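None of the figures in this text is laboratory data; all of them are computed from the coordinates on show. Source: prediction; values computed, not measured. Here the Cβ positions follow ideal geometry from the backbone for every residue, glycine too, while neighbour counts run over all protein chains shown.
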């Protein structure tokens, strides 16, 4: 392994394969990049594929802010069966079937789960309850409740409805959907809740993340491609793509580097702003607070 700060610094957009945990991908990238300073912005379950944003070296400091961005998924929801994990990896717990479910009812149920909603995460999720991972509590046989939390589902579109027969002979409906949502939204919880609303039960059978903020599949690389040629999006380009941009003067750049709070640019945005000097060098992430800048992370 290379020493701290000696490897490439930027984002790697990975097209995660099925069967890998996000930690597995991070371990691969540590080897490819020759550094241990690697992290990811938003976990993908082993069953899921698609966009996983990896930060290398200094770019790991961007990840906490990137994780707050909008995400887009292509998924398949199966109506007619429940599983213990709310996805196809878990044991089936009920098979009510979906005979007689009409498209109009599906659309009504989807509409209820669109917009600003309260969602209860799956019990086998990685969310922490009193400091302990929910899935760990499940494994240990604990009885507990997870409080609902606010999420936003901007788009929940059903593209195709197919009749199918599950392995146990249950007549089910498979829905191919697109979901655009805020960070922290569980797509398998949408499947579970849609099935509950329709009285059929439901779970997720396929999930592919197609976008995290501005980073989509068109810029993603497979692990095999990255092993052959590590493609790193430079940290300045990554910041410019993800955050509103503020170009400052040399004097403002000097003051910012010395820890001064500058007069805010008045961009009227919530969240981080990427600051660049006159040469295009990425300096910092700041936010506006009472007309002044507050530094979130400084990169010089």
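Points to keep in mind about this one:
- Between helix 22-33 and the chain: long-axis angle, C-alpha atoms, 0 to 90°, nearest 10: 40 degrees
- For the chain, relative contact order (Cα pairs under 8 Å, six or more residues apart, normalised by length) works out to 21 percent.
- The chain: C-alpha gyration tensor shape, a/c 1.5 cut-off, then a/b vs b/c: prolate
- Using alpha-carbon coordinates, inclination of helix 187-198 to the longest axis of the chain, degrees: 30 degrees
- Per-pair calculated FRET efficiency, R0 = 25 Å: residue 167 and residue 112 via Cβ, rounded to 0.05: 0.25
- Angle between the chain longest axis and helix 103-112 axis [Cα atoms, degrees, rounded to 10]: 40 degrees
- Whole-number percent relative contact order across region 50-126, with pairs defined as alpha carbons under 8 Å at least 6 apart: 19 percent
- For region 248-265 and region 183-225, distance of Cα centres in Å: 41 Å
- Calculated diffusion of region 243-298, Stokes-Einstein form, Kirkwood radius summed over Cα pairs, 20 °C and 1.002 mPa s, µm²/s: 197 µm²/s
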